[in-house]
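Below is one structure, written out as structure tokens; comments come after it.
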Amino acid sequence: MTKKDYVRIADAVAHTVAYVQKTKAIQEVERQVGIICIAHTANALADTLGAENPSFDRARFLAACGIEG
């Protein structure tokens, strides 16, 4: 995978984070659970991408996803 691929993945995750944070159709507890699930997914992606590429910057990827490492 290339940096361009990593950016696209991070953008998709960040878009989902933003949607969950802004939607008015869900209750606060649902919002929090959604963010936790997205964070777990982003961390799992970071594990996989990091195992594939030793130069992969996990902290940078999670920040681009809108997730605090």
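Quick notes on this one:
- With respect to the conditions (1) modelled with pLDDT under 95; (2) under 10 Å from the mean Cα position of the chain (by Cα); (3) among the acidic types (D, E), D11 falls short on a single one, namely (1).
- Any pair with Cβ under 9 angstrom, 6 or more apart, that starts in the range 14-32 at a residue that is within 22 Å of N43 (Cα to Cα) and ends at one that is open to solvent by 100 Å² or more (accessible area, probe 1.4 Å) and modelled with pLDDT under 90: R31/Q21
The values are calculated or read from the model by the stated rules, or taken from the named source; none is laboratory data. A quick note: this is a predicted structure, and the numbers were derived from the prediction, not measured. Please note: Cβ atoms are built from the backbone with ideal geometry, for glycine as well, and neighbour counts cover all protein chains shown. Areas reflect the complete protein model, heavy atoms only, side chains present, ligands, DNA and RNA absent. Shrake-Rupley method; radii C 1.70, N 1.55, O 1.52, S 1.80 Å.
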